[in-house]
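In what follows, a single structure is set out as structure tokens and then discussed.
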Amino acid sequence: MSDPQSTATFLAPEPSELAPLFPGYDIEYLIATGGMGAVYRAVQRSLDRTVAIKILPHEFSADAAFCAGFEAEAKAMARLNHPNLIGVYDFGEVNGMLYIIMELVPGQSLFHSSNGLAIDPPEVIRIITGICHGLAHAHEHGIIHRDIKPSNILLDLNAQPKIGDFGLARPIEVKTQEGEEIFGTPHYTAPEVVDAPHSVDNRADIFSLGVMLHELLTGTLPANDLRSASAISHCDPRFDAIIRRATNPHPEERYSTATEIANDLHTISTTAGPKVLQTACPGGSRALTTGKPKILTPQKSSSLPGILLLLAVLAVGAFAWKRLSGPKANSEPPPPTPTPSPSLDAVGKPPIPDEISIPAPPPIVIPEPESTITEPEPIPEPTPKPAIAPIAPVLPKFNVIGFFERAQGMMLEKVAPMIAKHNRDLATNLTNFEADLQREIRGINSLKDRTNTGELATSYLSDLKSGDNRIPEGFDSDLEEFYGLTKIHQQYLKRQKALDGSLLQEISQLSNTYILGLLKQIERLQTENDPAAITLIQEEIQKTRSDKSHFRNLMLPDEFEITEEE
């Protein structure tokens, strides 16, 4: 049902004010209040049972269409009777306020119990299976919930899940009209709820179930971390297949019923799967864990290999210097080699002889004219200089490599939502590309050409969807002969490049934040007398400033394909 007005605040009546309006109930106290009304704890005298009474603001009862929808939904919900659904006992209007009386669940919501936490897989299976059974019962009786999320799942004192807050529910046969306000919660809402609200059916609830399954296993929403659940929390990889099918953007590719999800989860719980390392839930028997998934540091870095090579070279230089300059124990000087030049004494200096004797050189015979050449007096060899030892390398005291990993990991956390949005935009662009291609194909005059081209286009688009939702530079050669199709391809390829350019620009803007963090670390190192560490960080700053692709490569995965618009 639609909300006729946006009710930002609602002044909940005091229990004493409501008492005369509900003579068959003892209203004990106010449980909660919000824009959509207030909920009270009460006791039904005739049956001696505790109930919850929810009243809606006056504005709702003033809308005739809303009142009619509210009555239809309340009657449909009252027909539901399932242990995983909150029961509805009565509804009506008092003093200009619509009300509904329902089962009171003395517990808290799944959101309050698990928000930000990864739950043990067996517990996840138990909770999601219960929700599946409750949803299946509602769907079988023609009710779509339309807002499945952890805050709308209550856990009773035995931790059994109960689906509540059917405030957005509607009978399946009642379709959303054009212009009607779209309901749901971002990240949990199926794409068709926004793109084609008139076509929404029970598979929209299936989508929300898949999102919840991922969130309970990992402690994070799929939109906030693009990796599979098993990659984040090391759970059984068979969960990934269930999540992928449940959250498929195309309703026809999802599970058709919630019972099918429950059956697949039951298979995981009763059959041995691949062995996995349960790091996300180290307690094993505990239902909840405080361990949150970590964002991995990038596997590639154009700066770290250079740093490691520099350190290795310096270390080898130090070792070589030690071998060259260090004294050798029990070593004897080599025997002197006879030479015509003066010998060196024990300290390496030439002796000073009383008289220098120069041996007679062999005669040199020259045919014409004959002459005798006297050999000049030899010049004594210069005193050899001692070997100069290489300068010992100065290694950084600070763990620079570890610092780079931490700094880049922090930046990856900021980039992850950007990449998630970019992937959603790519999928939307591909969907629009498909629609325009099919529209153009329907306009081909020849039936034969239209049929053949339609089949080729379907195969072509199927390959793109099974990949990364990217439109390739080159168009399918069999489709190029139709100018209209080629033109559409170029149009959406240009849009894709614009999306890529926007992502790269957003990432590049973060490089200034990265550089600022490096500069602050240099300031901290100024008092540590660690010039080697400062030099390495300064080199990383210079590389980031001079090469715009350096920071982008640190932030984007190796397989991430992206092109900028020319």
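Every number in this text was worked out from the coordinates using simple rules, so none of it is lab data. Just so we're clear, the structure is a prediction, and the values are computed from it rather than from any experiment. Reconstructed Cβ throughout: ideal geometry from the backbone, glycine too, with neighbour counts over all protein chains shown.
Maximal additional length on extending the Glu539-Asp476 stretch stands at 18.1 nm, based on 0.36 nm per residue less the C-alpha distance. Pair-distance distribution P(r) for region 15-103, from all Cα-Cα distances in 10 Å bins starting at 0: 16, 50, 32, 2 percent. Measuring against 19 Å, Cα to Cα, the residue pairs Lys54/Lys75; Lys520/Lys543; Lys494/Lys543; Lys54/Lys162; Lys414/Lys543 contain Lys494/Lys543; Lys414/Lys543 as the ones spanning a longer distance.
Sorting the segments 495-502, 57-64 by their mean number of nearby beta carbons within 10 angstrom, highest to lowest, gives 495-502, 57-64.
Entry note: region 400-555 has Rg to Rh equal to 1.24, where both radii use alpha-carbon atoms and Rh is the Kirkwood radius. A straight chain from Leu518 to Ala427 at 0.36 nm per residue would run longer than the Cα-Cα distance by 29.1 nm. Pairwise Cα distances in region 441-527 exceed 20 Å in 56 percent of cases. Our note on the geometry: Cα centres of region 95-130 and region 143-157, 6 Å apart. With contacts taken as Cα pairs under 8 Å at a separation of at least 6 residues, region 15-103 carries a relative contact order of 23 percent. Ordered by the count of other Cβ atoms within 10 Å of each Cβ, fewest first, Glu540, Glu405 give Glu405, Glu540.
Spin-label pair Ala231-Ser269: with each label point 7 Å from Cα along the Cα-Cβ axis, the two points sit 2.8 nm from one another.
For a label point 7 angstrom out from the Cα of Glu506 toward its Cβ, which stretches of region 211-235 have the backbone nitrogen within less than 15 Å? Answer for region 211-235: 223-226.
Protection proxy ranking for 449-461, 238-250, 137-149, using the average of other Cβ atoms within 10 Å per residue and placing the highest first: 137-149, 238-250, 449-461. Our estimate of slack between Val394 and Lys75, defined as 0.36 nm per intervening residue step minus the Cα-Cα distance, is 106.8 nm. Step through the table entries Lys465/Lys487; Lys397/Lys548; Lys421/Lys487, compare each Cα-Cα distance with 24 Å, and write down the pairs that go over it. Going by Cα-Cα distance, Lys397/Lys548; Lys421/Lys487 fall outside the 24 Å limit.
Applying the Karplus relation 6.51 cos²θ - 1.76 cosθ + 1.60 with θ = phi - 60° to region 531-545 yields 3J(HN,Hα) values of x, 5, 5, 4, 4, 5, 5, 4, 5, 5, 4, 4, 5, 5, 6 Hz, where x marks Gly and Pro.
Please report the relative contact order for region 400-555, taking Cα pairs under 8 Å with a sequence separation of at least 6, and give it as a percent rounded to a whole number. Worked out over region 400-555, it gives 31 percent. In this structure, the amide hydrogen of Phe91, modeled 1.01 Å from its nitrogen in the peptide plane, lies closer than 5 angstrom to those of Ile101, counting only residues at least 5 positions away or on a different chain.
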